[in-house]
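No lab work stands behind these numbers, since they all come straight from the coordinates. Please read all numbers here as calculations on a predicted model, not as lab measurements. Note: ideal-geometry Cβ built from the backbone for every residue, glycine included; neighbour counts use all protein chains shown.
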Amino acid sequence: MKVIVNVFLKEGVLDPQGKAAHHALHSLGFEGVSEVRIGKQIILHIDTSNKAEAEAQVKEMAETLLANTVIEDYTIEIAS
Amino acid sequence: MKVAVLRFPGTNCEFDTQYAFEKLGHETVLVWHEETTLPEDIDLVVVPGGFSYGDYLRSGSIARFAPVMKAVKAYADNGGKVLGICNGFQILTEAGMLPGALKRNHHLHFISKHQTICVVSNDNAFLNQCDKGEVLNIPIAHADGNYYIDEENLAKMEANGQILLRYSDAVGNRLVVNGSVTSIAGVCNETKNVFGLMPHPERAMEAILGSQDGMKMLQGFEA
């Protein structure tokens, strides 16, 4: 089963990379962008066909290693 | 004093750290990350700087799960003193042994230069040889030194004397160097036996190399 984890800095925690990209977009003439947030996407292949089990496993992985919950939020998406 | 200096794949400040403590007359021992115990009769564990595991995922995020870190956690829980420098600071925050987290510098640049830092708290086992408000000249070298802590915990740390060092100008006024919350450069835990800082005191041990201010910082552990 393919599971996608998206990790982003929490709302309210300044994202320096997002801010730099936002500034660059503005410089290039893309005016209509009000905010840019940059995160990372982690794609996992899990040896189970049970959706709930996969989600539970990946949640534990995210809490333990994949995200630093002091500064980051994450979402889990079961892809297939 | 006997100092254990940890070594992970990608650590690169372990020899400088050994040199610094040996210059002060102390015995040092390198400890490989796969060890499950620390040497007996040690007085301090140093988690030195570098790029453990290539800084993959987040700086320090993989190293915190190395076998030796369980022993370091147990040592600290038992009151043992632990110092994390630069990547060592990042590893200790990732391990939850120090509050907060270190983000990418606000300007996204890697900074490598001498920097003045101001001593905020000295009633601890680390900075007791420095004066409160004293300005020290210590090299910094990092990309992820932008310290983050929420306001509530910042207030608690301030009240408990856990803010150790702030980036400053030559007379001690706060200076924005990497975007750190209130210019924080170093902190300790609530029980004041685990310390972390981004600046490198072990690189400020020789006048000929620009500063000897690191000596009085590291000498604090002798008291």
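The figures follow:
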item: DSSP-defined beta bridges in chain B - what % are antiparallel, rounded to 5; result: 60
item: Cβ-based charge dipole, chain A, positive-most Cα from A:S49, A:M61, A:L14; result: A:L14
item: Per-bin percent of Cα-Cα distances, region B:1-129 [5 Å]; result: 2, 10, 19, 24, 21, 15, 8, 2, 0
item: Degrees between helix A:51-61 axis and first principal axis of chain A (Cα, 0 to 90, nearest 10); result: 60
item: Counting DSSP beta bridges with both ends in the protein assembly as shown, the antiparallel % (nearest 5); result: 70
item: Region B:111-223 - Rg (one decimal) and Dmax (whole number), Cα, Å; result: 13.1, 43
item: Charge-dipole axis of region B:40-165 as Lys and Arg at +1 and Asp and Glu at -1 on Cβ define it, positive-most pick from B:A76, B:G133, B:C86; result: B:C86
item: Selection from B:F15, B:N189, B:F110, by position along the positive dipole direction of chain B (Cβ); result: B:F110
item: Computed Rg/Rh of region B:138-192, alpha carbon atoms with Kirkwood Rh; result: 0.96
item: Cα long-axis angle, helix A:16-27 against chain A (0 to 90 degrees, to the nearest 10); result: 40
item: Peptide-level mean, for B:87-97, of C-beta atoms on other protein chains within 10 Å; result: 1
item: Peptide ranges A:14-26, B:116-128, A:67-79 listed from the most packed, as the mean C-beta count within 10 angstrom indicates; result: B:116-128, A:67-79, A:14-26
item: Dimensions (Å) - chain A, Cα atoms, principal axes, largest first; result: 47, 27, 14
item: B:W32-B:N153 pseudo-label distance in nm [points 7 Å out on the Cα-to-Cβ vector]; result: 3.4
item: Average partner coverage of A:62-75, which counts Cβ from other chains inside 10 Å; result: 4
item: About the Cα centre, charge dipole magnitude for the protein assembly as shown (Lys/Arg +1, Asp/Glu -1 at Cβ), debye; result: 440
item: Efficiency of FRET from Cβ geometry, A:E63 and B:E222, R₀ 45 Å, rounded to 0.05; result: 0.65
item: Taking chain A and dividing mean pair separation by its residue count, relative contact order in percent (alpha carbons under 8 Å, at least six apart); result: 54
item: Rounded FRET efficiency, nearest 0.05, which uses the C-beta distance separating B:Y19 from B:D43 and R0 of 22 Å; result: 0.80
item: P(r) weight above 25 Å for the protein assembly as shown, C-alpha pairs, percent; result: 50
item: Cα-Cα pairs of chain B separated by more than 29 Å (percent); result: 16
item: Magnitude of the charge dipole, region B:137-178, Cβ model with Lys/Arg +1 and Asp/Glu -1, debye to 20; result: 180
item: Cut-off 16 Å (backbone N to label point 7 Å along Cα→Cβ of B:M1), residues of region B:62-101; result: B:80-85
item: Radius, Kirkwood style, for region B:114-172 when every pair of distinct Cα atoms is counted (Å); result: 12.5
